[in-house]
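Presented below is the structure to which this report refers.
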Amino acid sequence: MQPLEGFQKDGQEMSNKLYDLILSDIVSRSRWETRQGLWYQMRNDGLRRKSKPWPNASDLHFPLIDTTINKLKPAFFQQAMGLDVLATFVPMRSQLAGFTSAAEHWFSYKLHEKSNYATEVMSWIDHMLVSGQGIMKTYWNLDRGQVEFQAVDPMYIIVPPWTKGIETADRITQVIPMSLETYKRAGVYDTSKSTIDVITGGKVQDSGIIDNLRYDKEIREGITHSKDEDQVIIWEVYSHDEDGKWIMECFSPQAPEIPLRKAMEVPFDHGQPPFSSCKYEITDGGWYSPRGVCEILGPFEFSLTKVWNEKMDASTLFNRPLFRAERDLPNSVNLRLNPGQILPFGIQPVQMPNTPMDFDKDMMQTQSIAEQRVTVPDYGIMADRDRRTATEIESVNAQAQQNMDLRLRLFRHALGTLFRQAWSLLLQFDKEDLQYRFLEDSLTIDPEALHEDYQL
């Protein structure tokens with residue numbers, strides 16, 4: 001990126017104004033942030049029981065959300081990795097079919113062999129399934145001379161609440177937490193001692209932050225500040241200039257008046273910010289509207305966890321029954337119930353009544369409804385004791401397949417945007433490297449095949 005000449009006029013005033021706007025964006029999404037924290041806890045650790053009926057009672061977590069995400073991931077990953085080629089190229093001008101085929105193979109080789117696409121796309125899919133929205137950053141790595149991808153946690157992308165799509169946003173803020181050593185080693189940021197002393201974590205002062213926004217700052221640890229003295233929080237802010245072009249500014253929320261890099265115009269030929277988004281569902285079109293698997297299945301996992309714990313409680317009561325005595329027993333605290341032991345006079349077990357519900361059947365029914373909500377084929381009905389006809393089973397599978405196909409179409413649309421950005425970067429920065437490998441052959445592409453007139 002080349003510095004944008006003339007853009008540094010009144011830089012401090014502009015940075016503070018931009019900083020205030022971003023803080024407003026953060027405050028407006030507070031409810032969404034709270035929900036994301038809850039879904040993360042449910043997927044990884046589970047929600048613990050608030051009150052146990054007795055000490056050491058069961059505190060299990062039914063992993064419905066994590067299991068469902070693991071079932072859905074392979075279908076999306078297969079779409080992302082393709083078969084022989086990653087993307088199908090349709091030329092918009094007359095050319096030989098061999099040129100089109102070579103362009104497809106060259107592009108697939110560059111992403112498979114000369115980038116980190118395979119690993120980052122898995123994280124991209126995971127973010128989409130968990131949060132309902134996945135963000136991928138595509139950029140050119142000058143040091144390695146290759147296209148690189150970065151799956152960004154949606155929590156670290158801040159946009160105005162009225163945003164519909166990433167390409168139409170008024171501004172895009174990427175939060176980049178990094179260690180102090182990584183910050184110094186990057187070689188593109190201001191590493192003067194006065195700047196580092198202000199932007200490192202664990203600081204008490206609030207440089208550039210007015211008092212009535214201090215509370216908002218304090219409740220956004222990891223977004224606006226860090227308590228770790230060896231961590232730096234950086235904001236990369238993409239916004240429009242007066243001519244409608246995208247520009248990038250870089251500063252720390254600890255000191256928004258200090259630019260860590262010079263403001264610059266986004267240098268990519270495609271003229272867009274380096275982000276692509278994929279949505280798990282489309283509802284009213286708002287940025288924070290898509291629901292992920294966690295939000296859709298949250299109530300069902302809570303219900304299954306509750307029933308599972310109560311089943312374990314009932315099992316404990318049946319296997320370790322209560323006892324009653326016809327008269328007071330001296331030193332009853334020292335009474336131990338071991339196999340083969342002779343009990344004192346007048347002690348009898350309390351007969352527990354049968355449970356009024358079938359725990360296993362109730363859990364199976366809840367899980368069946370949950371699977372229908374996320375279009376996973378409901379194979380649970382086949383395990384039911386009632387006989388199912390082949391027509392009924394085929395109908396269930398066909399309906400699930402149609403719903404899944406709709407979600408995969410949305411994902412392929414997002415892949416198209418991602419691939420177009422990657423193709424544009426390859427043409428801009430890597431057009432001279434014509435060597436590629438396909439199957440067992442080492443080939444060279446004709447430069448005439450490398451152009452922008454393709455539909456991916």
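The values are calculated or read from the model by the stated rules, or taken from the named source; none is laboratory data. This one's a predicted model, so the numbers in the text were calculated from it and none came from an experiment. Here the Cβ is made from the backbone with ideal geometry for all residues, glycine too, and neighbour counts use every protein chain on show. Just the protein is used for accessible areas: all its heavy atoms, side chains included, with ligands, DNA and RNA removed. Shrake-Rupley method; radii C 1.70, N 1.55, O 1.52, S 1.80 Å.
For this structure, a couple of remarks:
- Matching entry among GLU242, GLU257, GLU181 (being modelled with pLDDT of 80 or more and in a strand (DSSP E or B)): GLU257
- THR138 being modelled with pLDDT under 95, open to solvent by less than 50 Å² (accessible area, probe 1.4 Å) and either part of a helix (DSSP H, G or I) or on the phi < 0 side of the Ramachandran plot (or both): no
- Considering only residues in region 65-98 that are of a type in the set (D, E, K, R) and not in a helix (DSSP H, G or I), the one that is nearest to PHE419 (Cα to Cα) turns out to be ASP84.
- Test: residue in region 101-116 that is more than 29 Å from TRP140 (Cβ to Cβ), touching a residue at least 60 places away in the same chain (Cβ under 8 Å), open to solvent by less than 50 Å² (accessible area, probe 1.4 Å) and of a type outside the set (Lys, Arg): no
- The residue that is farthest from SER115 (Cα to Cα), among those in region 141-160 that are among the aliphatic types (A, V, I, L, M) and open to solvent by 10 Å² or more (accessible area, probe 1.4 Å), is MET155.
- In region 99-120, the qualifying residues are those that are of a type in the set (S, T, N, Q) and in a helix (DSSP H, G or I), and the one that is nearest to LEU415 (Cα to Cα) is SER108.
- When region 423-441 is filtered for residues that are under 12 Å from ALA102 (Cα atoms) and over 34 Å from the mean Cα position of the chain (by Cα), the ones remaining, listed by number, are LEU434, GLN435.
- Sole exception among (1) open to solvent by 70 Å² or more (accessible area, probe 1.4 Å); (2) modelled with pLDDT of 90 or more; (3) out of contact with any His (no Cβ under 9 Å at 6 or more places or on another chain) for ASP170, by number: (3)
- Qualifying position, being open to solvent by 40 Å² or more (accessible area, probe 1.4 Å) and at pLDDT below 90, among ASP441, ASP453, ASP378, ASP446: ASP441
- The residues of region 288-313 that are surrounded by 22 or more Cβ atoms within 10 Å (Cβ to Cβ) and under 17 Å from the mean Cα position of the chain (by Cα), listed by number, are PRO290, GLY292, VAL293, CYS294, LEU297.
- Listed by first and then second residue, the pairs linking a residue in region 354-365 that is among the β-branched types (Val, Ile, Thr) to a residue that is open to solvent by less than 90 Å² (accessible area, probe 1.4 Å) and in a helix (DSSP H, G or I), with Cβ atoms under 6 Å apart and 6 or more places separating them unless they lie on different chains, are THR355/ALA314.
- The set of residues from region 271-287 being at pLDDT 90 or above and either in a strand (DSSP E or B) or closer than 30 Å to ASP243 by Cβ (or both) comprises GLN272, PRO273, PRO274, PHE275, SER276, SER277, CYS278, LYS279, TRP287.
- Taken over region 17-36, the residue count meeting the criterion of being assigned to a helix (DSSP H, G or I) and open to solvent by less than 40 Å² (accessible area, probe 1.4 Å) is 9.
- Within region 410-433, tally of residues that are farther than 19 Å from GLU167 by Cβ, open to solvent by 10 Å² or more (accessible area, probe 1.4 Å) and not basic (Lys, Arg): 5
- Residue match in region 71-78 (condition: more than 16 Å from the chain's Cα centre (by Cα), open to solvent by less than 40 Å² (accessible area, probe 1.4 Å), over 24 Å from SER442 (Cα atoms) and not charged (D, E, K, R)): yes
- Of all residues in region 184-217 being at pLDDT 55 or above and hydrophobic (A, V, I, L, M, F, W, C), the one that is least open to solvent (accessible area, probe 1.4 Å): ILE199
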